[in-house]
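Have a look at the structure below, then the notes.
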Amino acid sequence: MKSDGNQSSALPPRDAHKRGLHRTMTLGGAYATRNYTIKHLQDLKGKAVLTETMPFTTDEAVAAEEAGIDTLKVKFDPGNPAGAIAIRNAAPNTFMTFCIGLTKIATAAEAVRAGYDAMEAGADGIMCQWGPEFIRAVSDAGIPVEAHAGLVPRLSTWTGGLKAVGKTIEQAIWIFEQIQSFEAAGAWAVEVEVVPAELLAQISSRTRLVTSSIGAGSGGDIQFMFAEDILGNHAPPYPRHTKQYRDLYKMEQAMQVERVEGFRDYIDDVKGGRFPGPEHIVKAPKGLIDQFLAAVDGDQRD
């Protein structure tokens, strides 16, 4: 049969395992290689603590994969997916969860549609701040879904603002029961944010969900921190639960000073007649200007 030139992508290389990768196909139908699948992450529960970050640029995504970060998250807007797709392409071999904003979805059907859109874009799963009803709908559709418990910043008005949650017995029980409801709804993982470290350790041992800890101590299965916090991308203050391993903000400020000074030096050179210099210009061949003037002046005299 004659090819139409639009053949599907080739199977992943059979020796992918030699590079620590697993051959797979995404829910969107694309062949891929990944460092982990959901089964591998589930099998590691309670046996190892993995690392996770959320890059905001393709450069950060490339660096995270090269450094060996285990799993990545990326913000995903179903109406504007280009940014998430670019980060997916920048780190093609790393397990990646697409995080869908709470207000992007209004119904269970929309949740399923957005989930499928994320998977078509290359996600290995989605993360949400939805309740069990939407989680169940997405899970029943075959989409791997991670829930969010503890401090959920967008819902923080219900728990007293941007502060730790779970420091009373009532809140601790509420968090545990919430995670149980996510598990019953079909979630495979849950991000737990800013709860007492000892509480997460106990909850994690009592749920089948893979737990991703952000500001909740080392008792989870995955340790999560935003790339901008790891790299020190912005000015202090930083969240208490973060640690800065670089100070890119300071470097960026120094670069900005250099940008301003570069522009000022350029202005000074132009005004002072130092730019352009002989080395920056093209000299006319001998006789060209005389010929040009004769031609122009001749036309004017006629």
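The values are calculated or read from the model by the stated rules, or taken from the named source; none is laboratory data. Note that the structure is a prediction, hence the values are computed from the model and not measured. A quick note on method: Cβ atoms are made from the backbone with ideal geometry, for glycine too, and the neighbour counts reach across all protein chains shown. Surface accessibility is based on the protein's heavy atoms, side chains included, excluding ligands, DNA and RNA. Shrake-Rupley method; radii C 1.70, N 1.55, O 1.52, S 1.80 Å.
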Residue by residue, what Karplus-based ³J(HN,Hα) values in Hz, rounded to whole numbers, does the stretch 78-87 have, using 6.51, -1.76 and 1.60 with θ = phi - 60° and x for Gly and Pro?
x, x, 8, x, 4, x, 5, 5, 4, 5
Percent antiparallel among DSSP beta bridges with both residues in the chain, to the nearest 5?
10 percent
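Looking only at the stretch 1-151, where both bridge partners belong to it, what percent of the DSSP beta bridges are antiparallel (to the nearest 5)?
Restricted to the stretch 1-151, the bridges split so that about 25 percent are antiparallel.
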Residues in the stretch 211-242 that a label on ASN80 would reach, taking backbone N under 20 Å of a point 7 Å out along Cα→Cβ
228
Take peptides 158-165, 83-90, 288-295, 133-140 and line them up by average Cβ neighbours within 10 Å, highest first, as a rough protection proxy.
133-140, 83-90, 158-165, 288-295
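Dipole size in debye (nearest 20) for the stretch 115-211 around its Cα centre, Lys and Arg Cβ +1, Asp and Glu Cβ -1?
Its charge dipole is roughly 340 debye.
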Please get the size of the charge dipole for the stretch 1-118, origin at its Cα centre, with Cβ charges of +1 on Lys and Arg and -1 on Asp and Glu, quoted in debye to the nearest 20.
440 debye
Expressed as a whole percentage, what fraction of the accessible surface of the stretch 1-126 belongs to carbon and sulfur atoms when a 1.4 Å probe is rolled over the protein heavy atoms?
53 percent
Relative to the chain, whose Cα atoms define the longest principal axis, helix 288-301 and its Cα axis are tilted in degrees, nearest 10, by 70 degrees
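Under a Cβ-only charge scheme (Lys and Arg +1, Asp and Glu -1), can you give me the dipole magnitude of the chain about the Cα centre, in debye to the nearest 20? Please report the intermediate quantities before stating the final value.
On the way: 31 positive and 38 negative charges, 161 e Å.
Here the size comes out at about 780 debye.
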Here, GLN202 and ALA30, labelled 7 Å along Cα→Cβ, have an inter-label distance in nm of 4.4 nm
7 Å from Cα along Cα→Cβ at both ALA295 and TYR249: what's the point-to-point distance in nm?
6.1 nm
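Once you have the Cα-Cα distance between THR58 and GLU170, take 0.36 nm times their residue separation minus that, and quote the gain in nm to one decimal.
Stretched out fully, the THR58 to GLU170 stretch lengthens by 36.1 nm.
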Pulled fully out, how much extra length does the chain show between GLU120 and ALA235, if you take 0.36 nm times their separation in residues and subtract their Cα-Cα distance?
37.8 nm
Once the dipole of the chain is set up from charges on Cβ (+1 Lys and Arg, -1 Asp and Glu), the residue from the list LEU200, HIS241, MET119 lying farthest towards its positive end is LEU200
For the chain, take N as its residue count and report Rg(C-alpha) divided by 2.2 N^0.38 Å.
1.43
Around HIS234 (Cβ within 14 Å, Cβ-to-Cβ, excluding HIS234; K/R +1, D/E -1) the net charge comes to -3
Note the angle between two axes, namely the Cα long axis of helix 58-67 and the longest principal axis of the Cα atoms of the chain, as a number of degrees from 0 to 90, rounded to the nearest 10.
60 degrees
Distance cut-off 32 Å, Cα to Cα: go down the list LYS18/LYS104; LYS45/LYS75; LYS39/LYS250 and report the pairs above it.
LYS18/LYS104; LYS39/LYS250
